[in-house]
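Beneath this line is the structure, given in structure tokens, with notes to follow.
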Amino acid sequence: MPGGPSQEFQGFERVKESEIINKRFISKRVFNIKNGLTCDVEVPSTCYGSTPVNGPAKGKGIIQHWNLIREIYYQLMGWNSDSGEPLPATLKDLGLEDLILNAEY
């Protein structure tokens with residue numbers, strides 16, 4: 001398109017924007033962990049964790065699967081599956097080495 005940015009440039013800008021958002025998200029995660037966030041408080045609220053009493057999901061709750069759901073999510077995010085802390089490799093990939101919490105894993 002004449003006068004507009006190229007497709008490649010737009011794609012690059014989206015990737016760059018995504019990296020910035022990811023860095024902010026991970027930085028907030030590290031901050032929260034340093035200030036007492038633990039896995040045991042990361043559970044759905046009663047509203048979201050309750051078993052539906054009607055509709056297509058009637059009788060199908062997630063709470064009994066929650067630990068597995070959380071573990072898979074942590075692994076996909078590059079976090080320690082037990083503590084939820086971002087792994088050193090994840091932080092290094094994002095250029096956030098100064099936020100590494102523990103070297104135990």
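The values are calculated or read from the model by the stated rules, or taken from the named source; none is laboratory data. Since we're looking at a predicted model, the values are computed, not measured. A quick note on method: Cβ atoms are made from the backbone with ideal geometry, for glycine too, and the neighbour counts reach across all protein chains shown.
Return yes or no: is Ser50 among the hydroxyl-bearing types (Ser, Thr, Tyr), surrounded by fewer than 17 Cβ atoms within 10 Å (Cβ to Cβ) and under 22 Å from Asn32 (Cα atoms)? Judged against the criteria, Ser50 is not a match.
The set of residues in region 12-44 that are of a type outside the set (A, V, I, L, M, F, W, C), farther than 16 Å from Ser83 by Cβ and at pLDDT below 90 comprises Glu13, Arg14, Lys16, Glu17, Ser18, Glu19, Asn22.
Quick check, is Asp98 modelled with pLDDT of 90 or more and either exposed (fewer than 15 other Cβ atoms within 10 Å of the Cβ) or of a type in the set (Asp, Glu) (or both)? It is true that Asp98 is modelled with pLDDT of 90 or more and either exposed (fewer than 15 other Cβ atoms within 10 Å of the Cβ) or of a type in the set (Asp, Glu) (or both). Note on region 25-105: enclosed helices (runs of 4 or more DSSP H) holding 2 or more residues that are closer than 30 Å to Val15 by Cα and of a type outside the set (Asp, Glu) are 66-77, 88-93. The set of residues in region 13-46 that are without any contact (Cβ under 8 Å) to a residue 40 or more places away in the chain, over 22 Å from Ile69 (Cα atoms) and not polar (S, T, N, Q) comprises Glu13, Arg14, Val15, Lys16, Glu17, Ile20, Ile21, Arg24, Phe31.
For region 46-75, enumerate the residues that are over 23 Å from Ile26 (Cβ atoms), of a type in the set (S, T, N, Q) and modelled with pLDDT of 90 or more. Within region 46-75, Ser50, Thr51, Asn54, Gln64 meet the criteria. Taken over region 76-91, residues that are in contact (Cβ under 8 Å) with a residue 12 or more places away in the chain, more than 14 Å from Ser27 (Cα to Cα) and not hydroxyl-bearing (Ser, Thr, Tyr) amount to 2.
Restricted to region 76-85, and to residues there that are within 16 Å of Thr38 (Cα to Cα) and out of contact with any strand residue (DSSP E or B) (no Cβ under 9 Å at 6 or more places or on another chain), the residue that is surrounded by the fewest Cβ atoms within 10 Å (Cβ to Cβ) is Asp82.
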